[in-house]
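The values are calculated or read from the model by the stated rules, or taken from the named source; none is laboratory data. Remember, predicted model here, so these are calculated numbers, not experimental data. No Cβ is skipped: glycine too gets one built from the backbone with ideal geometry, and neighbour counts run over all protein chains shown. When the accessible area is computed, the model is the full protein with side chains, heavy atoms only, and any ligands, DNA or RNA have been set aside. Shrake-Rupley method; radii C 1.70, N 1.55, O 1.52, S 1.80 Å.
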Amino acid sequence: MFWDEKIEMMERGALEALQLKRLQATVRRVARKVPRYQQKLAESRVQPRDIRSLADVHRLPFTTNADLRETYPTGLLAVPKDDTLRLHTSSGTTGKPKALFFSAKDVDNAAELIARCLVMTGVTKRDVLQNMMTYGLFTGALVMHYGAEKVGCLVIPAGPGNSEKQLLLMQDFRTTVIHVTPSYALYLADFLEKKGVDPRRDLALRKAFVGAEPYTEETRRKIEQALGIDVYNSYGLSEMNGPGVAFECEHKCGMHLWEDNYLLEIVDPKTGEPLPDGQTGELVLTTLCREAMPLLRYRSRDITSIIPGPCPCARTHRRLHRITGRADDMLTVRGVNIYPQQIERVLMSLPAVGRNYQIVLEGLDEMTVNVELAEAGFDGHVEHLTRLQSEIADRLRAETLTKPKVHLVPPGTLPVSEGKAKRVIDNRSL
Ligand SMILES: [Zn+2]
């Protein structure tokens, strides 16, 4: 099922020709209209006429969060302020927010991309979509809302939380699709269970679009089983319109990134050097259609890889692997790049392991992983603990290509923090 078959199935040569044309137009426009880019292009000694092939994108300067913050609020606008229609912001962990403007064309275009995403998973105008993302300055809810309306769905702007109300809406309006974060989806599944509601019997739910936070394949399966639905992975970022940048098709094997709208690169997060398809690195995106606020080579800080080869659906837009972490979380241990999420994935796949763990770096690159046992993880036999310890060490070695020490601790003994857990303690004397 296609929303825009001509574009979604466009032959690679034609798609790349379209990308080049749009890239050239974007570079020309920012060079004319945006002083920050005039300065950055001059520093990189690149002129718009130097962009003759798609590979020339590597000559362009990166755009970072610092560029967005330092030009706040309107410094990256490429249109007069009167031609903008909507403002969203994106909050970072520190300092001022990033201001993101949409023109009328940008609002419509973002909705078009969402429509492609929804229809590709089988959504039609007969569906009822309950949008459980936060409405407001955050792009997540509104952009999805407009796209689902374009498809013709009945959209319920429920927002997150208030599970009693969510349940009432799902029952009374026969909601078939939800748009939700993985953490709220898991919470909702628990809530329904406590209420004695069997989603398969009592609700009309069929699908969930889950995004806005990284999550694992295990979490997908958990949500699917608990709610009796199909879960599709969705990727977006406010700097690129919000949701709808990349989305899974019915085959659920990676997210098609809409390459007529975004030029995609994977780079080494440390050096910024481009990496070939299949290698894991930082996603870098250039907008090809944005009118109000085009961005060149935006460093997303999200870690992923391109899945090589064609998808069974035959769409020609390449697929991204799920986001496996943030570049800012990357650790370098003995020259190897490691993401705490890799360690978490190994630990969480073992039933004897509890929820809490800690990575401690000391001395000259010594890594120790402190692992809390599950309540039921210790039966009193020391040899079982020794076996578990070496199993964890083996798996961590295979996953991270380093040799961490593993230290097992009783349940509830590692510090618990409110909110974001502090997983890494770096006491290295480097
Ligand atoms: Zn596909």
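Which of Lys105/Lys165; Lys207/Lys405; Lys252/Lys422; Lys165/Lys222; Lys105/Lys270 have a Cα-Cα distance over 30 Å?
Flagged as over cut-off: Lys105/Lys165; Lys207/Lys405; Lys252/Lys422; Lys105/Lys270.
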Once amide hydrogens are built 1.01 Å from N within the peptide plane, the residues lying 5 or more places from Ala204 or on another chain with amide H under 5 Å from its amide H are Thr175
Residue-ordered couplings for the stretch 403-412, obtained by feeding phi - 60° into the Karplus form 6.51 cos²θ - 1.76 cosθ + 1.60 and rounding to whole Hz (Gly and Pro as x), are 10, x, 7, 10, 10, 8, 10, x, x, x
Note to self: C-alpha centroids of the stretch 312-378 and the stretch 30-49 sit apart, in Å, by 39 Å
Per residue, the convex hull enclosing the Cα atoms of the stretch 29-113 spans a volume in Å³ of 129 Å³
For the stretch 212-325, the dipole about the Cα centre with charges only on Cβ (Lys and Arg +1, Asp and Glu -1), to the nearest 20 debye, works out at 80 debye
So the carbon and sulfur contribution to the accessible area of the chain, 1.4 Å probe, in percent, is 52 percent
Once amide hydrogens are built 1.01 Å from N within the peptide plane, the residues lying 5 or more places from Gly325 or on another chain with amide H under 5 Å from its amide H are Ile303
Straight-line reach check, Lys33, cutoff 13 Å on alpha carbons, 8 or more apart in-chain or any other chain, hits among aspartates and glutamates -> Glu291
Expressed per residue, the solvent accessible area of the stretch 289-430 in Å² (1.4 Å probe) is about 51 Å²
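What number, in percent, do you get for the relative contact order of the chain if the mean sequence gap of Cα pairs under 8 Å and at least 6 apart is divided by its residue count? Walk me through the numbers before you get to the answer.
Working: 822 pairs, mean separation 53.6, N = 430.
With pairs under 8 Å counted, the relative contact order is 12 percent.
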Residues whose modelled amide H sits under 5 Å from the amide H of Leu320, counting only those 5 or more places away in sequence or on another chain, are Met255, His256, Leu257, Ile307
Cross-link reach from Lys194 to aspartates and glutamates, straight Cα distance under 17 Å and at least 8 residues apart if same chain, gives Glu164, Asp202
Packing-ranked peptide list from 384-393, 171-180, 285-294, 26-35, highest mean Cβ count within 10 angstrom first, is 285-294, 171-180, 26-35, 384-393
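I need the helices of the chain that pass two filters: whole DSSP H segments spanning 24 Å or more by Cα along the axis, and mean Kyte-Doolittle score no lower than 0.5.
Numbers: long enough: 12-33 (31 Å, -0.50); 104-120 (25 Å, 0.57); 382-400 (27 Å, -0.67).
Span-like helices here: 104-120.
With a ≥ b ≥ c taken as the square roots of the eigenvalues of the C-alpha gyration tensor of the stretch 121-226, please select rounded if a/c is under 1.5 and otherwise prolate if a/b is larger than b/c or oblate if it is not? Show your work: numbers first, answer last.
Values: a/c = 1.45, a/b = 1.19, b/c = 1.21.
It is rounded, given that a/c, with a ≥ b ≥ c, falls under 1.5.
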